[in-house]
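I have placed the structure first, in the form of structure tokens, so that the comments after it can refer back to it.
The values are calculated or read from the model by the stated rules, or taken from the named source; none is laboratory data. Quick caveat, the model's predicted, so the values are computed rather than measured. Here the Cβ positions follow ideal geometry from the backbone for every residue, glycine too, while neighbour counts run over all protein chains shown.
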Amino acid sequence: MSQEHQNTTNRNNNSVYHLRNCYVSGTGAVLYNNKFISSSGIQDKHLYLYQPFTGPVIGVRDVVVSVGHKFSLIFGHFIQDGLSPLMEVPSDALKQSTVTICAHKNLVDDFFPTLNFSKEVQILSPCQWIFAKELYINLCPRPHIAHLGPCFRKLTLLIREKFNLTGIVPSRYVISQRKAKNRFISNFDELFNAVNTTYPDFPWEKDLQMPRPLNETVKIWSNAKIFYAVTGSNYFNSIFFPQSVVAIIVFSDNYDFSTITTLTCNNYHTILYQEPTMKHFVKLTNNFNITRALLAFKIAINVDKNHVWPKEPNTAFLR
């Protein structure tokens, strides 16, 4: 593991700003003393996430906590850039606050009532604004793959408690397939049958990733003993994993930093290997290497059976 990855996995070096009498939008743009607040350290290609748009002021609130950005509508970003940054806000301020976020209502309804973070959640579109008498906002760095590590671990533990997951005895062996056409396993049935034939003593099951009620997602992920899936925002459901899970994650041509960090910061047994011809964002035919996949399952089953990680670290990193 690189030093940079260890730093992100093991610590957060972030700042929450506490401002008074300012405007904040759904993208997290802040207008303070008639000037937009800029944040250092943001790559130019990500500035559009926090872009201010002209639009109405829809309300006034005493205490506001602003999280997320333009694309926290997407599940993975809702979790890592919407919920995780809340772990750094002082709890007394959060309890009396209105949390503002650009998100789909179903995501807000799935999480906020159960987690009971704040007294209110206000969903904002990118062009809507709130006037905040007091504002708490993560500005250094902004929420974009920057609030993993300890605060993501804290979020995971809170979710286990609030969703009553701590007493579950996991029993499911899951091989998951993306519904999207990018990073889609074209020979999925061949892969599944090979695993089922090689290891017939395990009750392998197929999982097609698709929109479903949260309680159904929780049932699958919180009961997983071994879970195999291609990298993507679906792996942010790992907040529901049991601590004993063995996760197999398949990378494309892109190093998906945030996905692997969600697993390693929670100390899950994680097996990572790459399908080098698979493109992260391009729709292609992806015939997976069955031999390579079976090697990953061999390691996972050994860990599941014996509760022992391979002695040689490189044994579990497949090239």
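Structure notes:
- Criterion applied to Gly41, Gly76 was being in contact with a helix residue (DSSP H, G or I) (Cβ under 7 Å, 6 or more places away or on another chain), within 14 Å of Ile145 (Cβ to Cβ) and either surrounded by fewer than 19 Cβ atoms within 10 Å (Cβ to Cβ) or at pLDDT below 95 (or both), and the one residue passing it is Gly76.
- Residues in segment 120-137 that are crowded, with 18+ Cβ neighbours inside 10 Å and in contact with a Phe, Trp or Tyr (Cβ under 8 Å, 6 or more places away or on another chain): Val121, Pro126, Trp129, Ile130, Ala132, Leu135, Tyr136, Ile137.
- Residue check for Lys70: part of a loop (DSSP other than H, G, I, E, B), out of contact with any Lys or Arg (no Cβ under 8 Å at 6 or more places or on another chain) and not polar (S, T, N, Q): yes
- Scanning segment 81-137 for residues being closer than 21 Å to Cys22 by Cα and part of a helix (DSSP H, G or I) gives a total of 8.
- As a summary of the residue check, Arg142 satisfies the conditions (1) under 22 Å from Gln51 (Cα atoms); (2) free of Cβ contacts under 8 Å to residues at least 40 places away in the same chain; (3) among the charged types (D, E, K, R) except for the one numbered (2).
- Residue among Phe111, Phe131 that alone is assigned by TED's automatic domain parsing to the domain that holds Pro90 and touching a strand residue (DSSP E or B) at 6+ places or on another chain (Cβ under 9 Å): Phe131
- In segment 98-110, the residues that are surrounded by 18 or more Cβ atoms within 10 Å (Cβ to Cβ) and under 11 Å from Gly82 (Cα atoms): Val99, Thr100, Ile101, Cys102, Ala103, Leu107
- Residue count for segment 194-212 under the criterion of being crowded, with 17+ Cβ neighbours inside 10 Å, free of Cβ contacts under 8 Å to residues at least 40 places away in the same chain and within 15 Å of Arg172 (Cα to Cα): the result is 2.
- Filtering Pro213, Pro200 for residues that are outside the structural domain of Leu73 (by TED's automatic domain parsing) and farther than 26 Å from Asp110 by Cα leaves a single hit, Pro200.
- Where Tyr255 falls short, out of the listed (1) assigned to a helix (DSSP H, G or I); (2) without any contact (Cβ under 8 Å) to a residue 12 or more places away in the chain; (3) among the hydroxyl-bearing types (Ser, Thr, Tyr): (1)
- Subset of segment 264-298 (residues that are among the β-branched types (Val, Ile, Thr), surrounded by 15 or more Cβ atoms within 10 Å (Cβ to Cβ) and touching a residue at least 60 places away in the same chain (Cβ under 8 Å)): Thr264, Ile290
- Hits in segment 241-253 - residues which are surrounded by 14 or more Cβ atoms within 10 Å (Cβ to Cβ) and either more than 30 Å from Asn164 (Cβ to Cβ) or of a type in the set (Val, Ile, Thr) (or both): Val245, Val246, Ile248, Ile249, Val250, Phe251, Ser252
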